[in-house]
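We did not get these values from a lab; they are worked out from the coordinates using the rules stated. Treat the numbers as computed from the prediction; the structure is a model and nothing was measured. Cβ placement follows ideal geometry from the backbone for every residue including glycine, while neighbour counts extend to all protein chains displayed.
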Amino acid sequence: ASNMSLESLQKYEDEISALSKGNGWSPSSCLYLYKGFWFHPILLTGVLYARDNFEAQPSDVFLCSFMKTGCTWLKALSFYIATRTQFDDSTSPLRTLVPHYCVPFLERGFQYLTTSGVKTPLFGSHLPYTLLPKSIIDSGCKIVYLCRDPKDTFVSLWNFFRKAPGMSESEDQLVSLKEGFELFCKGLCPYGYGPYWDHVLGYWKASLERPEKILFLKYEDMKEDTEACVKKLADFFGCPFSIDEEKQGMVQKIIKFCSFESLSNLEVNKTGKTPGMIENNAVFRKGKVGDWRNCLNAGMGERLDNVMEEKLTGSGLTF
Ligand code: A3P
């Protein structure tokens, strides 16, 4: 990230090189095991930097998720909810920026990747609960966690990774779908952050212990009853919808603006590209529940379900 000094980067290089290594999703990429989670080295520097430098304010709110579980949608909804008295559909920064750029990202030097100039209490992160900078927990910050059926998450990740610059070499050097699937089942993902089950479990347990601080959501529930989730988010952020807002259809307006169809058809999301980043449209693929069936066979689905079931046994959480 832009605000990291070379000195701090070098310091982290040494720390990183002492960690255990595992296979990435292409021959030239490897992952490092840091406190129980795998990370691609380009992300790990930012993780360590956040660990040492991030100072949370009690009012900060964190939108946390594993990759490809729907955080683009969560960020859009949350940003709209938090700024609804300042903007409407025609003036919202969401019209000209990908949702990711409206919210600073914790492990990228906690900066805005580009800025809308609009400050909200929101931050995004893919960090596991146990690796969040200590001040976030100590300050009692609110956290929203979004998870998704592991099969759809894997398929979304697989498709995304194949388009990502810097991660994948030429097409023929990428791991096959089968190999990627095997790696995912072992907790190894192209950018890291896995194992998926440990990621989900960390937030799940924390949400049981401190439900007033951690709101645990599933993508499938957001799809099924978006209205209930949007109201839950507004209540959780401390800015519930007023009776007047409800009468005026504010909740429906937000849902419509942030829907897959509407967001993915905005010019910025259809054709935009931020320098050094992936094309904006890569974060909008299908936005469906159950799309894994078009990519994995029933046996693979069952296998991943079994892995998850075994790991989540006794937690009370199911997918
Ligand atoms: P698919 O690849 O299954 O289509 P993330 O935002 O965490 O990167 O997750 C990406 C997934 O969320 C993709 O899933 C993407 O299509 C879906 N998505 C993006 N925007 C969405 C929206 N507004 N509503 C529902 N799903 C959305």
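Using a simple spin-label model with pseudo-atoms 7 Å out from Cα toward Cβ, Q248 and K35 lie 4.4 nm apart. Lysine pairs in the stretch 63-160 whose alpha-carbon atoms fall under 15 angstrom of each other, counting only those eight or more residues apart or on distinct chains, come to 4. Of all DSSP beta bridges confined to the chain, the antiparallel ones make up roughly 40%. Per residue, the convex hull spanned by the Cα atoms of the stretch 85-216 measures out at 146 cubic angstrom. Residues T45, T96 in ascending order of nearby Cβ atoms (within 10 Å, fewest first): T96, T45.
Each of S17 and F260 was given a label point 7 Å from its Cα along the Cα-to-Cβ line. The distance between the two points is 4.5 nm.
Expressed as a fraction of 2.2 N^0.38 Å, the C-alpha radius of gyration for the stretch 23-81 is 1.43. Sparsely packed loop sites in the stretch 176-253 (the GluC sites (Glu not before Pro) outside DSSP H, G, I, E and B with at most 13 other Cβ atoms within 10 Å) comprise E212. For the residue pairs K253/K288; K35/K178; K186/K232, the C-alpha atoms sit more than 23 angstrom apart in K35/K178; K186/K232. Two numbers describe the Cα atoms of the chain: Rg and Dmax, which are 19.0, 59 Å.
In terms of other Cβ atoms within 10 Å, I16, I81 run from fewest to most in the order I16, I81. For the pair V289 and L9 in one chain, pulling the backbone fully straight at 0.36 nm per residue adds 96.8 nm over the alpha carbon distance. Partners of K247 within straight-line reach, counting aspartates and glutamates whose Cα lies under 20 Å from its Cα and excluding those fewer than 8 residues away in the same chain: D88, D89, D225, E227, D235.
Evaluated with a Cβ-only charge set (Lys, Arg +1; Asp, Glu -1), the stretch 37-160 carries a dipole of roughly 120 debye about its Cα centre, given to the nearest 20. Along its principal axes, the stretch 206-263 has C-alpha extents of 36, 27, 16 angstrom, given from the largest down. Over the Cα atoms of the stretch 41-161, each weighted equally, I'd like the Debye log10 I(q)/I(0) at q = 0.09, 0.12, 0.14, 0.22 Å⁻¹, rounded to two decimals. For the stretch 41-161 at q = 0.09, 0.12, 0.14, 0.22 Å⁻¹, log10 I(q)/I(0) is -0.25, -0.45, -0.61, -1.34. Here, the stretch 202-319 yields an orientationally averaged convex hull projection of 10.6 nm² when only Cα atoms define the hull.
Note on the chain: helix-only mean residue ellipticity at 222 nm, from DSSP H runs of 4+ residues weighted -39500 (n - 2.57) and normalised by residue number, equals -12000 deg cm²/dmol.
Between R95 and D198, the modelled labels are 4.5 nm apart [label points 7 Å from Cα along Cα→Cβ]. Stretching the chain fully between K213 and C239 yields a gain of 7.9 nm (0.36 nm per residue, less the alpha carbon separation).
Separation of the stretch 126-168 from the stretch 247-319 is 13 Å, based on Cα centroids. In straight-distance terms, cross-link reach from K11 covers every one of the aspartates and glutamates whose alpha-carbon lies under 17 Å from its own, apart from those fewer than eight places away in the same chain; here that gives D52, E107.
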